[in-house]
Amino acid sequence: MQKRNRTVAVIGAGDFIGGEIAKKFASEGFTIFAGRRNGDKLAPLVKEVEALGGEIHARSLDARKEEEIISFLNDADKHAPLEVCIFNIGANVNFPILETTERVFRKVWEMACYSGFLAGREAARLMLPRGGGNIFFTGATASLRGGSGYAAFASAKFGLRAVAQAMARELGPKNIHVAHLIIDAGVDTEWVRQRRVEALGPNALDDPDLLMPPASVAASYWQLYQQPKSAWTFELEIRPFGEKW
């Protein structure tokens with residue numbers, strides 16, 4: 001592993017996508033700053049990254065709080081220049097519209113849109129003086145279309161996509177690559193598997209090619225990072241080959 005004097009911040013370093021992103025970039029020599037609510041849950045990820053020979057700093061982080069985002073990214077940048085910031089918070093919930101409370105709608109928006117704005121703004125604040133960097137956002141099918149029961153989630157993901165697009169237009173000419181990755185599929189997690197069985201019955205998992213492996217998402221982020229600035233992608237849609245769209 002070639003060590004790099006650069007950090008990658010993963011905001012929303014959960015057990016699946018976020019964890020795989022952290023491991024991928026760590027395996028490429030970057031120091032990882034991983035943040036999630038209940039930071040004690042990052043202990044297994046820390047062990048995995050260190051087993052790879054990588055360096056990781058795990059933190060409890062409520063990305064909805066401006067002061068916590070500022071502190072988290074500043075600490076990453078002080079350790080070594082912040083090269084990549086990946087915002088990976090989901091907040092996927094499904095409620096019929098009459099059961100979507102004000103609290104649910106507001107909290108989903110805070111987690112999936114507002115906190116993305118905070119992360120992107122503060123990452124840009126650190127990257128602009130150096131004249132370069134990468135800011136990536138995780139999107140979903142709901143970023144493009146609202147489904148039944150997804151008024152809260154889709155509105156937040158629509159909003160995050162708009163934030164990312166506006167940032168890409170503003171920051172691209174300043175040598176900061178802003179990209180929005182749309183995962184147009186269910187991700188292969190225990191929670192998604194349970195939901196598919198509940199919704200579609202016991203045969204819902206018969207076709208393994210309909211779920212997205214988290215490691216494939218991490219590989220897509222690595223590909224985005226490696227793109228030459230003469231051919232940057234803003235929006236990348238990924239889905240398993242078995243997915244109908």
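The values are calculated or read from the model by the stated rules, or taken from the named source; none is laboratory data. These numbers come from a predicted model, not from an experiment. Every residue, glycine among them, receives a Cβ derived from its backbone with ideal geometry; neighbour counts consider all protein chains shown. Calculation scope for accessible area: heavy atoms of the full protein, side chains included, ligands and nucleic acids excluded. Shrake-Rupley method; radii C 1.70, N 1.55, O 1.52, S 1.80 Å.
Does residue 72 satisfy the criteria of being in a helix (DSSP H, G or I), more than 30 Å from residue 152 (Cβ to Cβ), touching a residue at least 60 places away in the same chain (Cβ under 8 Å) and not β-branched (Val, Ile, Thr)? Here the answer is no, as residue 72 does not meet what is asked.
Of all residues assigned to segment 124-139, none qualifies as being modelled with pLDDT of 95 or more, open to solvent by 10 Å² or more (accessible area, probe 1.4 Å) and in contact with a Ser or Thr (Cβ under 9 Å, 6 or more places away or on another chain).
Do we find a residue being under 16 Å from residue 19 (Cβ atoms) and touching a residue at least 12 places away in the same chain (Cβ under 8 Å) anywhere in segment 221-241?
Yes, segment 221-241 contains a residue that is under 16 Å from residue 19 (Cβ atoms) and touching a residue at least 12 places away in the same chain (Cβ under 8 Å).
The C-beta contact set for segment 146-171 (first residue more than 16 Å from residue 112 (Cβ to Cβ), second residue open to solvent by 60 Å² or more (accessible area, probe 1.4 Å) and outside any helix (DSSP H, G or I), distance under 9 angstrom, 6+ apart or interchain) comprises 148/94; 148/96; 168/232. Checked against (1) in contact with a helix residue (DSSP H, G or I) (Cβ under 8 Å, 6 or more places away or on another chain); (2) over 28 Å from residue 64 (Cβ atoms); (3) of a type in the set (Gly, Ala, Ser), residue 201 meets all criteria but (1).
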